[in-house]
Amino acid sequence: MKDIYQIITEDLEENIRLGRYKGRKKLPSIRALSQTYHCSQSTVVKAYEIVKSKHLVYSVPQSG
């Protein structure tokens with residue numbers, strides 16, 4: 001059984017691959033994803049860090 005952060009990571013990767021998240025546009029907020037997946041915000045942060053480490057997304061300092 002997968003942990004919730006793995007499910008979020010896979011969903012983010014699939015949405016990026018399918019073009020649901022366009023380049024240079026913001027991804028859903030940490031709060032929004034934590035509500036969608038019924039998990040803590042730290043779980044979403046972990047998923048975002050994994051996607052970021054795979055160079056599929058990047059962070060823009062002070063972008064909200």
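Name the single residue, out of those in segment 5-35 being over 12 Å from the mean Cα position of the chain (by Cα) and of a type outside the set (Gly, Ala, Ser), that is surrounded by the most Cβ atoms within 10 Å (Cβ to Cβ).
35
Out of 63, 42, report the one residue that is over 10 Å from the mean Cα position of the chain (by Cα) and not in a loop (DSSP other than H, G, I, E, B).
After applying the criteria, what remains is 42.
Before we move on, is residue 24 charged (D, E, K, R) and not in a helix (DSSP H, G or I)?
yes
Tell me, which residue of segment 45-60 that is among the hydroxyl-bearing types (Ser, Thr, Tyr) and assigned to a helix (DSSP H, G or I) is most open to solvent (accessible area, probe 1.4 Å)?
53
The values are calculated or read from the model by the stated rules, or taken from the named source; none is laboratory data. Only a predicted model underlies this, so the values are computations on that prediction, with no experimental measurement involved. All Cβ positions, even for glycine, are placed from backbone atoms using ideal geometry, and neighbour counts span all protein chains on display. Accessible surface areas use protein heavy atoms only, side chains included; no ligands, DNA or RNA. Shrake-Rupley method; radii C 1.70, N 1.55, O 1.52, S 1.80 Å.
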